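Peer 1: Starting off with a structure, shown below.
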Amino acid sequence: MDLPDKDVLLALYRQMLMLRRFEEAVARVYREGKIPGFVHLYIGEEAVATGVCAHLEKTDYVTSTHRGHGHALAKGVPARQVMAELWGRSTGCSGGRGGSMHLYAPEYGLLGTNGIVGPSIINGAGAAFSAKYRGTSQVTVAFFGDGANNTGSFHEGLNLASIWKLPVVFVCENNLYATEMSFLKATAGQSVAARAAAYAMPGVAVDGQDVLAVYQAAGEAIARARAGEGPTLIECRTYRFVGHHEGDPGTGYRTQEEVEEWRKRDPIPLFRDRLLTDKVVTQDELAQIGDDVEAHVQDAIDFSAQSAWPSPQEAATKVFASPL
Amino acid sequence: MREIRYIDAIREAQAEEMRRDKTVFIFGEGIGPRGGAFTQTQGMWDEFGEKRLIDTPISELGFTGVAVGAAMTGLRPIVDIMFWDFAFEALGQIVNQAARIHYMSNGQIKVPLVVRGVIGAGQSAGGHHSNSPYPLYTQMPGLKIVIPATPYDVKGLLKTAIRDDDPVMVFEHKGLYNTKGPVPEEEYTIPFGQAIVRREGSDVTLVATSRMVLLALEAAETLADEGISAEVVDPRTLVPLDKKTILASIRKTNRVVVVDEAFSPCGVGGEIAALAADEAFYHLDAPIKRIHSLSVPTPSSPPLEKAVVPSLEQIVTTVREVMNQ
Ligand SMILES: Cc1ncc(C[n+]2csc(CCOP(=O)(O)OP(=O)(O)O)c2C)c(N)n1
Ligand SMILES: [Mg+2]
């Protein structure tokens, strides 16, 4: 594969680093008690959201999962709005009503992270149906985990998307576990990509730690969808370096050796080394990006800390668009 | 005024709204050239075609989920779920997604979705085709619940449902589909949250829903011969609920009997009884009575089915009871 242009490469690097630093900051302030509820971190999987969303326009749609901070950021939702939502503040992208698993930012095409495993697949197909019905060129990417690939939503969603030729790309983040349940134990056939054949669409398995591999596969699938040629299923083999949610040690169901092996394939150093070896960038340029990202994340934290709580008087408003 | 059947009114409402608004379309099994299992889309194919009358595979979770995603992004889908019993296969999409998205998104995303289908016992259809599960949906904030009893109401309320910006669940009793009633040719809609007094009376209020409205009216006729004047109030929508009209009737008659085909626990009767106790307690001259189906899966055999659904006799007897107190 030819390397993309330097500005694309730098954007990919910056985005992955942003997702990583953001989540590290979330883990830190979570331990300080600043964030209520549950958070599921994206650490280790950054190449997936980054490589996929790099191809999306602002008007394209993304549907996401419980592990969705990375999808929101990569789709362009400002870090301040994502962070403030995790803090339960009125300035969050869902006004504090959603929290980590209910980030909504339609202005940026984010149709929601989700507290339920599976719906991102069919609701994503629905957004794609809508784009096709309305005659726009919008594409939808539906992210989901390996845990979702055994739900009815997966099978019904892929079937409908295929028979109706919807402009949607299904991106499975196969991090080999659904909480503690091993993908290999849970999945007949032990392959997500192979299931695409049953639904008469291309099924692609890619190395989810290699941002360029993801970028390439997603680029082809998104172009296909935009050209009206129908859906694609992409399985990204990846790994979460942390527990299922903050507070879960992430051990007991996977060995220390396995975690260590995968950590050697951290998508960020892998990509950085490649950029340096190929002499695409200098150490200084990378250091500059690192500083920018740190500042950006710190700004999101400061913004959240200074933001007001939502008013309790509003707790019962907005249940309906046209109130009773 | 011309008289048409309930099912014809449904068809007219859908066709008129699809003509009016190109973002309205229907998902359902057999609603294309076949015209629907109940003729609810008969004759519409030539005008609307496959783009807007979308015959789906048997995939309730799938097409309801696609409808929710479409509703989130500018369309107005009607999900024709056929029998409401089938919606249980899609319940997560209705309750966890459609109902909650407007609130959870801080009002950024609307979900103008209509789910409509049949309810009700009476045709030996058995335990998977006879249920009346609307009380369950009234417990889910974010859903509007419509339960029309007449051709006039189903047309006007369905049109309002299609234009509404929230998810609306429309429950149509299959025992009403062939009933006829006056429906004007001219355009009209019926606002949600307006109960209707179907028959005026002074001794007792019968709050009745859906097909039970017809039974309550019959009972009122029988009771009139005995000198008992029953008022029949039909809420028409359960969310929003027109408490004012119901309370005004109870304060006038001082007695209330609820007649509703769904099950009793945490149901419509309980809600009306609580309303009466909360806000009309000192007007009551007799205990509040609730008549519901027995809490069993609807049996198929006619004598069994008859035994579980509220009957005319049961209504009459119950009213006599409260009149003697
Ligand atoms: C329908 C449903 N069942 C169970 C859960 C609880 N749950 C939340 S995340 C999760 C694991 C999901 O695994 P996967 O889809 O592989 O995503 P990952 O956490 O690995 O990113 C489970 C079981 C849920 N949220 N929804
Ligand atoms: Mg997983």
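Peer 1: Count neighbours as other Cβ atoms within 10 Å of each site's Cβ, and list the chymotrypsin sites (Phe, Trp or Tyr not before Pro) in the stretch B:110-191 that are DSSP loop with at most 14 such neighbours. Let's see the in-between values first.
Peer 2: Numbers: sites: B:137, B:152, B:171, B:177, B:188; in loops: B:177, B:188.
The qualifying sites are B:188.
Peer 1: Evaluate the stretch A:276-324: find the radius of gyration of its Cα atoms, find its Kirkwood radius, and give the ratio Rg to Rh. Walk me through the numbers before you get to the answer.
Peer 2: Values: Rg = 21.5 Å, Rh = 15.0 Å.
Taking Rg over the Kirkwood Rh, I get 1.43.
Peer 1: Here's something else I'd like to know. Can you send over the solvent-accessible area of residue A:40, 1.4 Å probe, protein chains only, in Å² to the nearest 10?
Peer 2: The accessible area of residue A:40 comes to roughly 10 Å².
Peer 1: With just the Cα atoms of the stretch B:53-103, tell me how far they stretch along each of the three principal axes, in Å, largest first.
Peer 2: Principal-axis extents of the Cα atoms in the stretch B:53-103, largest first: 29, 22, 13 Å.
Peer 1: Right, another one. Report the A-B buried area as the accessible area lost on both sides summed, probe 1.4 Å, in Å² to the nearest 100.
Peer 2: On the way: alone 14210 and 13620 Å², together 24450 Å².
Interface area, both chains combined: 3400 Å², rounded to the nearest 100.
Peer 1: Another one. Determine how many Å³ per residue the convex hull of the Cα atoms of the stretch A:6-305 encloses.
Peer 2: Working: hull volume 36.0 nm³, N = 300.
Dividing the Cα hull volume of the stretch A:6-305 by its residue count gives 120 Å³.
Peer 1: Same structure again: Roughly what % of Cα-Cα distances in the stretch A:137-219 sit above 18 Å, to the whole percent?
Peer 2: Working: 1452 of 3403 pairs.
For the stretch A:137-219, the share of Cα pairs beyond 18 Å comes to 43 percent.
Peer 1: Can I ask one more? Tell me which chymotrypsin sites (Phe, Trp or Tyr not before Pro) from the stretch A:249-324 have a DSSP coil assignment and no more than 10 other beta carbons within 10 Å of their own. Could the numbers behind the result be given before it?
Peer 2: On the way: sites: A:253, A:262, A:271, A:303, A:320; in loops: A:253, A:320.
Counting only loop positions with at most 10 other Cβ atoms within 10 Å, none of the chymotrypsin sites (Phe, Trp or Tyr not before Pro) in the stretch A:249-324 qualifies.
Peer 1: Follow-up. Note the direction-averaged projected area, equal to a quarter of the hull surface, for the Cα convex hull of chain B, in nm². The partial results should precede the final answer.
Peer 2: Details: hull surface 65.7 nm².
Answer in nm², one decimal: 16.4.
Peer 1: With no solvent and one point per C-alpha, what does the Debye sum give as log10 I(q)/I(0) for the stretch B:3-182 at q = 0.18 Å⁻¹?
Peer 2: Computed log10 I(q)/I(0) values: -1.19.
Peer 1: Rounded to two decimal places and with Rh computed the Kirkwood way over Cα pairs, what is Rg over Rh for the stretch B:157-301?
Peer 2: Result: Rg/Rh = 0.97.
Peer 1: When only C-alpha pairs under 8 Å and at least 6 residues apart count, what is the relative contact order of chain B, in percent?
Peer 2: 16
Peer 1: Project the alpha carbons of the protein assembly as shown onto their principal axes and report the range along each, largest first, in whole Å.
Peer 2: In descending order, the Cα extents are 99, 54, 45 Å.
Peer 1: Going by a 1.4 Å probe on protein heavy atoms, which residues of the stretch A:301-324 end up with at least 30 Å² less accessible surface in the whole assembly than in their chain alone?
Peer 2: A:318, A:319, A:320, A:321, A:322, A:324
Peer 1: To continue, here is another question. Loop by DSSP (not H, G, I, E, B), at most 14 other beta-carbon atoms within 10 Å: where is the longest site-free stretch of chain B for GluC sites (Glu not before Pro)?
Peer 2: On the way: sites that count: B:185, B:186, B:187, B:200, B:226.
My reading of the result: B:1-184 is the longest stretch.
Peer 1: Kindly provide the GluC sites (Glu not before Pro) of the stretch A:19-73 that DSSP labels as loop, not H, G, I, E or B, and whose Cβ sees at most 16 other Cβ atoms within 10 Å.
Peer 2: Details: sites: A:23, A:24, A:32, A:45, A:46, A:57; in loops: A:32, A:45, A:57.
Within the stretch A:19-73, the qualifying GluC sites (Glu not before Pro) (loop, at most 16 other Cβ atoms within 10 Å) are A:32, A:57.
Peer 1: Please work out the average accessible area per residue across chain B, using the 1.4 Å probe convention, and give it in Å². Write out the running numbers ahead of the final one.
Peer 2: On the way: 11940 Å² over 325 residues.
In whole numbers, chain B has 37 Å² accessible per residue.
The values are calculated or read from the model by the stated rules, or taken from the named source; none is laboratory data. Fair warning: this is a prediction, and the values are worked out from it, not measured in the lab. Backbone-built Cβ (ideal geometry, glycine too); neighbour counts: all protein chains shown. For accessibility, only protein heavy atoms count, side chains too; no ligands or nucleic acids. Shrake-Rupley method; radii C 1.70, N 1.55, O 1.52, S 1.80 Å.
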